[in-house]
Amino acid sequence: MTTEIKPTNCHYCGYCCALLATVEDGRVVKIDPDPARYPYDARVLAGCRRWRMNLDALDGADRVNYPLRRAGSRGSGKWERVSWDDALDDIAARLQELAAEHGPETLASAIGGPHASFWPLHRFMNLFGSPNNMGIGQICWNPRIWMDALTFGWTVEADIVPGVTECLFLWGTNPAESDNSAFWRSVLRFAKSDAPLVVVDPRRTQAAAVADLWLPVRPGTDCTLALGLLQVIIAENLVDRAFVDAWCFGYDELAACVRHYTPEYVASVCDVPADDIVRAARLFAQAGAAALVSGRGIDQAGANVAPTHRAICCLRAVTGNVDKPGSCVLADAPDFVSEMELEMTDALKPEHRARCLNTPHTPLQCFDGYDLVRPLTERLGRTLPERYLTSAHPHLVLRAMEVGDPYPVRALIVNATNPLLTYADTHRVFEAFMGLDLLVVLDYYMTPTASIADYVLPIAGAIERPVLQVHGGVANMGYGGPAAVPPYYERRCDYDVFRELGLRLGQKDAWPEETLADAFAAQLARAGVDWDAFCDLGTYWQQPAYAKHELLGPDGRPQGFATTTGKVELASELLPRLGGPRLPTPTRPITLCPQELLDDARAKGAAHVAMITGSRKQPYNASMYFNNASFREKSPYPVAEMSEATAERLRLAPGDCVEVATDNGSACFVLAVARMRDDLVNVDYGWWHPEWEPGAPAFGGIWESNVNCLTSCKPEEPMIGTWCYNAVDCVVRKVDRVLSWERPTGESVGKPD
Ligand SMILES: Nc1nc2c(c(=O)[nH]1)N[C@H]1C(S)=C(S)[C@@H](COP(=O)(O)OP(=O)(O)OC[C@H]3O[C@@H](n4cnc5c(=O)[nH]c(N)nc54)[C@H](O)[C@@H]3O)O[C@H]1N2
Ligand SMILES: Nc1nc2c(c(=O)[nH]1)N[C@H]1C(S)=C(S)[C@@H](COP(=O)(O)OP(=O)(O)OC[C@H]3O[C@@H](n4cnc5c(=O)[nH]c(N)nc54)[C@H](O)[C@@H]3O)O[C@H]1N2
Ligand code: SF4
Ligand SMILES: [Mo]
């Protein structure tokens, strides 16, 4: 028997923490944290409930281990095992046939959170000739990247430095649950220091509980709040005049625009005390360095997402908190090959770019919008990740599937996502996918989405594949490491699948590296880093310099910011060219409930409240880890939370089964009471039953407690197309029902008519 200790990585969240695998005769028998590589701190892993899952997952009974081809009608649960060659030959042939009939843009793709390296999929799509990559871009990360880029010429990342950062804002993010690791520990350390922590969140999260000031904002009104902070800062003369005079464009316009956002007015819109607004503004502006981290709470607020991020950019700028120690940094471009190059978006031919579904519906989030910004950022040598910033809008892709407008989308590749639970409007996603000619899903498990596929391809996970995470290519950092063992059974890396499909479809020259590890090695080589040396360290990271706008360019003048004016654009010169406003302008949060539903609700004794969805909770992640028995024991059912006062007003008690409904659909949850704003319900997301027989009629339980049965993916924000997962109107009523989650054996619930 041979026993080896192999370095490898966890990939159950974006940290990709270092692990050591004990391998006996090619099988992993034990996994431990590796204190010698990132995050260099055994306590981080001691506090994490997930990494131990890696061992069981390697040989889990529910893993898909062989390529499967649909044998019965779609979703019938009947499969035949096929060889990789048969699967890939057939998929390639069918893609070719569909492309010949409808054009290559008839193929779309779908991705989810940062679980895998997505550039192989996008390279394949670009070379195939389709711009139709759907993702989560419009509602996760991407609105901030866009608005940062338009205002500062690049993205900014919080720079929290103990002893230097004198004030920290957490705005619509709860790292206690979403990042219960290194970052949350740094927030806890910060909270214990004298420097003030301010949390803007409608719920009293763990972060809010340790904050010096908690602003329980009415969901969807954050833009107004940010403009209110700006009003106080300008009215009280707390502005960093030197930075504004030297480096900001449009200050007078901004000052005029925010004048009527007085604390009293803002208090009335956001429902937070006027005194707290004043206090928060002073804390931010009077700190020598103030940092701000924003999250999904404002990224997913529909129409207001872009103006909120713009207002936050202005807040940083007028207080001089830009590219400064302890506030934020504009990261450097990577020294290694960027994801933008790897995905080969430039290989997408002009006639295929022109078929981008987003044009003209979301004028910033499309190739035209990207092409306006690209020369600006490239002036200072940085390129924004194109595939995120041009990703196709799900509403438009679904419409092309449903009615063939403006052309038919007939095939879809789903890579590391579970859209039947995590994309908005499950009913619509389900019907559209059921009608496709070809649906290929790459996953570890037979998810509800996989259960309606034509092919399910078995994918190698962490431990079985190398990892290189690069923060979307907007920073000079990467982390990861090697596979400990080759993939078990017939699983393959995502990379191998797209390369093999590419080779079958005439893309030979584009896939020179035979393996993912070779591809990573080639990616790092440009930075002068050897893959094996990288694997020993686990990270590549270069500290960016601060105040880079002051560096002298070749003409002897400061290089400034990569915007149209070379300055920080408080008033945007570029947005009006796309039909957008120069200054951050909030709109009213949207309403999904038509009057009839509200009237009907009232007649049935239901109550109308605002809803936020998907607030992160350990131990689950979106639709993942519901197959973990100990997680299920500790967190057994899907929950809808409200304040005690609201529950009393609605005559609901903890443990009641409640139905939450919008005009899009309904779902049922167990009621819990939590500390949060009144007249608000916070609803879990991602819930399904991996232990049920996959496919019809229950499709893993997606019709029962899946909050995305209630949401809509219609574009709300006019530039990017962000839809609404938060600040949604809904009705709540008690129902006399015991959810399948509460029954010991579970019980299938079919699709409602
Ligand atoms: N209502 C509501 N909806 C939301 C949100 C919300 O807050 N509220 N949040 C949104 C956000 S921010 C996000 S990012 C999305 C997340 O949405 P998803 O990314 O779709 O969510 P997951 O459940 O994490 O799905 C990941 C799937 O990929 C598989 N997988 C994991 N790693 C790999 C891999 O390396 N290769 C392959 N091929 N498969 C892999 C897993 O088994 C799992 O089935 O949800 C969005 N949807
Ligand atoms: N356990 C776990 N961790 C995860 C994930 C997971 O599914 N589970 N998903 C990962 C992914 S894909 C992402 S994108 C990140 C997200 O990570 P975060 O951005 O930290 O997301 P949340 O933890 O949901 O925090 C969002 C907060 O915004 C608040 N909020 C809701 N609406 C509003 C609003 O209108 N205004 C304001 N100011 N706040 C509002 C919610 O109450 C919530 O506390 O987490 C990642 N980490
Ligand atoms: S923090 Fe994330 S990557 Fe690290 S061990 Fe936990 S789940 Fe894995
Ligand atoms: Mo996300």
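The values are calculated or read from the model by the stated rules, or taken from the named source; none is laboratory data. Just so it is clear, the structure is predicted and the values come from calculations on it, not from any experiment. Glycine gets a Cβ as well: all are built from the backbone with ideal geometry, and neighbour counts include every protein chain shown. Surface areas here come from the heavy atoms of the whole protein model, side chains and all, with no ligands, DNA or RNA. Shrake-Rupley method; radii C 1.70, N 1.55, O 1.52, S 1.80 Å.
Take the stretch 3-58 with all the other protein chains still there, run a 1.4 Å probe, and you get 46 Å² of accessible area per residue. Surface composition of the stretch 3-58: carbon plus sulfur atoms contribute 57% of the solvent-accessible area (1.4 Å probe, protein chains only, all chains present).
Could you name the lysines in cross-link range of residue 6, using Cα to Cα under 26 Å and dropping any fewer than eight places away on the same chain? By straight Cα distance, residue 6 reaches 30.
The residues of the stretch 595-742 have, on average, 38 Å² of accessible surface per residue, using a 1.4 Å probe with all protein chains present.
If I compute solvent accessible area with a 1.4 Å probe over the protein chains, what percent of it on the stretch 206-324 is carbon and sulfur? Don't jump to the answer; show the numbers that get you there.
Details: 1810 of 3620 Å².
That fraction is 50 percent.
Taking a straight Cα-Cα cut-off under 18 Å and skipping sequence neighbours fewer than 8 places away in the same chain, the lysines within cross-link reach of residue 548 are 324, 567. Here the extension length gained between residue 189 and residue 4 equals 62.8 nm, from 0.36 nm per residue of separation less the Cα-Cα distance. Just report the Cα centroid separation between the stretch 423-484 and the stretch 201-246, whole Å. The two parts, judged by their Cα centres, are 37 Å apart. The simple Förster model, with R0 at 22 Å and r as the Cβ-Cβ distance, assigns residue 42 and residue 541 a FRET efficiency of 0.60. The distance separating the Cα centre of the stretch 621-640 from that of the stretch 332-404 comes to 36 Å. Charge dipole (Cα centre; +1 on Lys/Arg Cβ, -1 on Asp/Glu Cβ; no other charges) of the chain amounts to roughly 920 debye.
Mind ranking 43-51, 727-735 by how tightly packed they are, going by the mean number of other C-beta atoms within 10 angstrom, highest first? Walk me through the numbers on the way to the answer.
Working: 43-51: 16.9, 727-735: 22.2.
Answer by packing, highest mean first, reads 727-735, 43-51.
Remark: the stretch 156-330 carries 32 Å² of accessible area per residue (probe radius 1.4 Å; ligands, DNA and RNA excluded).
For residue 634, a cut-off of 14 angstrom between C-alpha atoms picks up these aspartates and glutamates, skipping any fewer than 8 places away in its own chain: 742. Give me the percent of the accessible area of the stretch 595-742 that comes from carbon and sulfur atoms, probe 1.4 Å, all protein chains in place. Using a 1.4 Å probe with all protein chains present, the stretch 595-742 comes out at 47 percent carbon and sulfur.
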